[in-house]
Amino acid sequence: MYYNEFVKLGIDAPNVTQGKKKAICPKCNGGSKNEKSLRLYYESGYYQCHRATCGWRGFASKKKEYTRPEWKNNTTLPSRTVKWFEDRGISQKTLKSANVSVDEKGNIEFNYFRGTELINVKTRYEIQGNKTFKQVAGAEKIVYNYNSLEGKKKCIIVEGEIDVLSWIEAGVSKEYGIISVDQGAGVVGSNLGGKLDCIKTCAIELDEIDEFFICTDKDAPGVYLQTELARRLGEYRCSVIDLPKGIKDSNEVLQQKEFDKSARIQTLKLQLKNAKPVDVGGIYRLDIDTKETMLNLYDNGREKGKSTHFKKLDTHFTFLKGDVTLFTGIPGMGKSQFLRQLMVNKSYFDSWKWACFVPEDFPADYFFEDLVHIYTGQSSDKEAKDRVSKEDFISAMDFISDHFFLIYSDANPKTSMSLPDNKWINERIRFLKLKHGINAYVKDPWNKIAHNFQYREDQYLANELTAEGYFAKQFDAAIYVAHPVGTKIMKNKEGEYKVPGPYDISGGSMWLNMMDNILTVHRPNKVGLPNDRTVEIHVQKIRKKKVVGKEGAVDFFFDKYKSRYYEDHNSHTYNPMEDEGKSISDDEDLPF
């Protein structure tokens with residue numbers, strides 16, 4: 001299946017479509033004996049050289065093949081089509097500039113170009129007076145009027161092609177890129193991931209825009225789309241264009257025949273000028289919207305944190321949007337591993353997507369393989385007794401690929417390329433939020449981030465963690481891992497390590513002050529009974545006790561063969577991924 005991709009990597013690969021084959025490694029040429037040390041896996045695209053002095057490995061990238069429609073240039077429109085658009089305030093000049101065409105049956109075609117290449121065609125049909133749309137099967141998803149983004153720093157985003165034409169008609173296309181999502185709005189409350197693939201594929205271009213002006217339909221699905229677009233693009237650079245009362249979309253403004261066309265165009269321009277920035281925090285007053293929020297809280301109570309899907313742990317800690325949480329613990333006690341169990345839980349049950357800065361777990365396959373092990377509960381090691389099947393392994397890789405994104409810097413301290421600081425990492429997190437809609441992020445560990453201590457550490461931490469707190473407000477979870485200082489790690493009279501706290505971390509008082517939640521992962525018997533897998537989770541700080549949880553400790557057991565954690569439940573253990581349906585869902589009241 002991956003023969004062509006192997007050849008592109010310079011591998012003299014056997015021309016087969018499946019199975020496992022050997023070849024000479026192009027990196028080491030098989031050593032002095034020219035041995036066929038490179039293993040090729042045709043189903044997955046994986047390759048690995050088994051010579052100890054080489055070890056070249058990776059996955060051959062199979063570029064997705066898209067259907068490309070043929071551009072027939074049928075832009076000389078029949079009079080009835082021209083009249084149909086004129087009734088909606090759209091001139092022939094605008095239709096020509098946007099390459100609007102018709103098919104052989106006279107149906108309207110909205111053509112999606114990237115440069116001079118036709119990427120997709122969306123055809124408008126009318127069946128018994130009801131409109132419906134059809135796109136080219138297998139075509140790549142991009143935004144409509146993509147080319148308008150070139151060289152622009154401002155962009156208007158709408159819900160449909162005719163709304164794009166309306167803003168072009170208004171004469172603002174010199175200053176603004178004007179684009180539309182390709183599939184309209186979705187059902188309120190649904191996952192818009194698939195509907196926003198056009199945003200995903202254009203993420204690099206959209207990331208260059210400084211200001212977005214969102215003008216979706218003013219019905220419930222349109223407002224829902226507006227909210228998700230602002231979240232993806234970053235609320236700080238988004239404004240919302242309101243429309244006159246009773247008007248549903250941009251094109252309806254141009255259809256108000258009781259006013260002359262110049263007045264209708266001026267109305268659109270005025271609404272653009274008066275666009276309101278999306279709230280991202282700042283100064284508030286007790287206005288009408290705030291009063292409604294407070295009344296809702298009075299009637300229904302404040303929203304509580306989201307479940308970890310461990311029953312006992314939920315009584316002490318849950319995920320509250322905007323909170324910053326610290327995980328700490330003595331090295332080797334399993335804090336990163338326990339955190340990954342929680343991450344997989346949230347992805348498995350709630351479809352959360354994670355951005356992960358975990359530089360100690362590189363190369364990437366090491367990190368992702370660990371997540372696959374947690375997800376399947378089975379090792380992929382060749383010597384494992386209960387080894388995961390290849391089918392399940394591939395399925396798990398697909399799941400992990402959809403929900404976890406690794407951030408890693410190839411910076412070299414011996415070169416001019418700078419090491420990753422929080423600014424560099426946050427830029428990538430923000431980009432992943434735009435492109436993939438991530439919900440949460442992890443930075444593990446803090447000491448692997450480049451820190452520029454131009455002044456005292458406590459002052460630096462106060463400024464840095466304050467900035468991180470503001471950045472975290474737009475995510476469902478923001479988690480940091482920090483190690484205790486070695487000299488502060490203490491033992492009790494039995495020789496076992498004492499449970500460390502925030503004061504044992506470098507700059508401890510600032511961590512205690514700035515974090516919303518602090519959890520310590522601890523193995524109480526590690527010294528005396530090194531094979532004992534008892535794990536204690538000490539919840540040492542909860543800022544918002546009414547909605548998140550309360551301080552305390554929860555006992556767990558770690559099964560190293562399954563790479564999973566289990567709560568101790570009075571003589572039996574519990575893991576939500578194995579007891580599906582018994583965990584507390586986000587819709588249930590938590591027990592505190």
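State all residues of the range 229-251 that are assigned to a helix (DSSP H, G or I), surrounded by 20 or more Cβ atoms within 10 Å (Cβ to Cβ) and of a type outside the set (A, V, I, L, M); if no residue qualifies, say none.
232, 250, 251
Which residue out of 257, 311 is out of contact with any Cys (no Cβ under 6 Å at 6 or more places or on another chain) and closer than 22 Å to residue 478 by Cα? I'd like the intermediate steps shown before the answer.
Values: 257 fails: closer than 22 Å to residue 478 by Cα.
Checking each option against the conditions leaves just 311.
Here's the yes/no breakdown for (1) touching a helix residue (DSSP H, G or I) at 6+ places or on another chain (Cβ under 8 Å); (2) over 30 Å from residue 179 (Cβ atoms); (3) surrounded by 14 or more Cβ atoms within 10 Å (Cβ to Cβ):
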{"position": "2", "(1), (2), (3)": "no, yes, yes"}
{"position": "5", "(1), (2), (3)": "no, yes, yes"}
{"position": "21", "(1), (2), (3)": "no, yes, yes"}
{"position": "25", "(1), (2), (3)": "no, yes, yes"}
{"position": "55", "(1), (2), (3)": "no, yes, no"}
{"position": "64", "(1), (2), (3)": "no, no, no"}
{"position": "104", "(1), (2), (3)": "no, no, no"}
{"position": "107", "(1), (2), (3)": "no, no, yes"}
{"position": "110", "(1), (2), (3)": "yes, no, yes"}
Could you say whether any residue in the range 334-341 is within 25 Å of residue 504 (Cα to Cα), among the small types (Gly, Ala, Ser) and in contact with an Asp or Glu (Cβ under 6 Å, 6 or more places away or on another chain)? yes
In the set 491, 498, the lone residue that is more than 26 Å from the chain's Cα centre (by Cα), closer than 23 Å to residue 565 by Cβ, open to solvent by 20 Å² or more (accessible area, probe 1.4 Å) and basic (Lys, Arg) is 498
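In the range 163-184, how many residues are open to solvent by less than 10 Å² (accessible area, probe 1.4 Å) and either over 30 Å from the mean Cα position of the chain (by Cα) or of a type in the set (D, E, K, R) (or both)? Spell out how you get there, then give the answer.
The initial filter retains those residues of the range 163-184 that are open to solvent by less than 10 Å² (accessible area, probe 1.4 Å), namely 163-167, 170, 177-182.
Next, from what is left, pick out any that are either over 30 Å from the mean Cα position of the chain (by Cα) or of a type in the set (D, E, K, R) (or both): 163, 165-167, 170, 182.
Here the count works out to 6.
Provide a single number: the residues in the range 27-40 that are of a type outside the set (A, V, I, L, M) and either touching a residue at least 24 places away in the same chain (Cβ under 8 Å) or in contact with a His (Cβ under 6 Å, 6 or more places away or on another chain) (or both). Write out each step before concluding.
Residues of the range 27-40 that are of a type outside the set (A, V, I, L, M), as a first pass: 27-37, 39.
Filter once more, so that each one left must be either touching a residue at least 24 places away in the same chain (Cβ under 8 Å) or in contact with a His (Cβ under 6 Å, 6 or more places away or on another chain) (or both): 27-28, 37.
Of the residues in the range 27-40, 3 are of a type outside the set (A, V, I, L, M) and either touching a residue at least 24 places away in the same chain (Cβ under 8 Å) or in contact with a His (Cβ under 6 Å, 6 or more places away or on another chain) (or both).
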Hey, can you tell me all the residues within the range 1-42 that are part of a loop (DSSP other than H, G, I, E, B) and either touching a Gly at 6+ places or on another chain (Cβ under 8 Å) or among the aromatic types (Phe, Trp, Tyr) (or both)? 1, 2, 24, 26, 36, 37, 42
Might you check whether a residue that is within 19 Å of residue 204 (Cβ to Cβ), open to solvent by less than 50 Å² (accessible area, probe 1.4 Å) and modelled with pLDDT of 90 or more occurs anywhere in the range 441-458? no
Can you confirm whether the range 337-359 contains a residue that is open to solvent by 20 Å² or more (accessible area, probe 1.4 Å) and closer than 24 Å to residue 464 by Cα? yes
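Each row is one residue, and each column tells you yes or no for (1) closer than 17 Å to residue 560 by Cα; (2) without any contact (Cβ under 8 Å) to a residue 12 or more places away in the chain.
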residue: 377; (1), (2): yes, no
residue: 388; (1), (2): yes, no
residue: 395; (1), (2): no, yes
residue: 407; (1), (2): no, no
residue: 425; (1), (2): no, no
All but one of (1) within 30 Å of residue 230 (Cα to Cα); (2) open to solvent by less than 50 Å² (accessible area, probe 1.4 Å) hold for residue 428; which doesn't? (2)
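Test residue 145 against the stated conditions and say whether it is surrounded by 22 or more Cβ atoms within 10 Å (Cβ to Cβ) and touching a Ser or Thr at 6+ places or on another chain (Cβ under 9 Å).
On the way: surrounded by 22 or more Cβ atoms within 10 Å (Cβ to Cβ): yes; touching a Ser or Thr at 6+ places or on another chain (Cβ under 9 Å): yes.
When the stated conditions are applied, residue 145 passes them.
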Limited to the range 346-383, what total is found for residues that are touching a Pro at 6+ places or on another chain (Cβ under 9 Å) and of a type in the set (Ser, Thr, Tyr)? 1
Taking residue 225 as the residue in question, decide whether it is surrounded by fewer than 20 Cβ atoms within 10 Å (Cβ to Cβ) and aliphatic (A, V, I, L, M). no
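Looking at the structure I just gave you, is residue 153 open to solvent by 80 Å² or more (accessible area, probe 1.4 Å) and without any contact (Cβ under 8 Å) to a residue 12 or more places away in the chain? Walk me through how you get there before you give the answer.
Working: open to solvent by 80 Å² or more (accessible area, probe 1.4 Å): yes; without any contact (Cβ under 8 Å) to a residue 12 or more places away in the chain: no.
So residue 153 does not fit the description; no.
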Tell me yes or no: at least one residue of the range 533-541 is touching a residue at least 40 places away in the same chain (Cβ under 8 Å), open to solvent by 40 Å² or more (accessible area, probe 1.4 Å) and in a strand (DSSP E or B). no
Cβ pairs under 6 Å, 6+ apart or interchain, first in the range 567-581 and at pLDDT below 80, second open to solvent by 70 Å² or more (accessible area, probe 1.4 Å), ordered by first then second residue, are 568/555
For the range 360-372, enumerate the residues that are more than 18 Å from residue 577 (Cα to Cα) and open to solvent by less than 20 Å² (accessible area, probe 1.4 Å). 367
With the requirement that a residue be surrounded by 17 or more Cβ atoms within 10 Å (Cβ to Cβ) and assigned to a loop (DSSP other than H, G, I, E, B), what does the range 185-217 give you? 185, 186, 192, 202, 209, 216, 217
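Given the condition buried (at least 16 other Cβ atoms within 10 Å of the Cβ), of a type outside the set (Phe, Trp, Tyr) and over 21 Å from residue 181 (Cβ atoms), answer yes or no: does some residue in the range 116-126 qualify? Walk me through it before giving the result.
We begin by selecting, within the range 116-126, every residue buried (at least 16 other Cβ atoms within 10 Å of the Cβ); these are 118-124.
If we keep only those that are of a type outside the set (Phe, Trp, Tyr) as well, we get 118-124.
Next, from what is left, pick out any that are over 21 Å from residue 181 (Cβ atoms): none.
There is no residue in the range 116-126 that is buried (at least 16 other Cβ atoms within 10 Å of the Cβ), of a type outside the set (Phe, Trp, Tyr) and over 21 Å from residue 181 (Cβ atoms).
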For residue 480, which of the numbered conditions (1) over 23 Å from residue 348 (Cα atoms); (2) surrounded by 18 or more Cβ atoms within 10 Å (Cβ to Cβ) fails to hold? (1)
Residue 158: in contact (Cβ under 8 Å) with a residue 12 or more places away in the chain, surrounded by fewer than 19 Cβ atoms within 10 Å (Cβ to Cβ), out of contact with any His (no Cβ under 8 Å at 6 or more places or on another chain) and among the aliphatic types (A, V, I, L, M), yes or no? no
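The values are calculated or read from the model by the stated rules, or taken from the named source; none is laboratory data. Quantities reported herein were computed from a predicted structural model and do not represent experimental measurements. Counting neighbours? That spans all protein chains shown, and the Cβs are built from the backbone with ideal geometry, glycine included. Please note that ligands, DNA and RNA were not included when accessible areas were found on the heavy atoms of the full protein model with its side chains. Shrake-Rupley method; radii C 1.70, N 1.55, O 1.52, S 1.80 Å.
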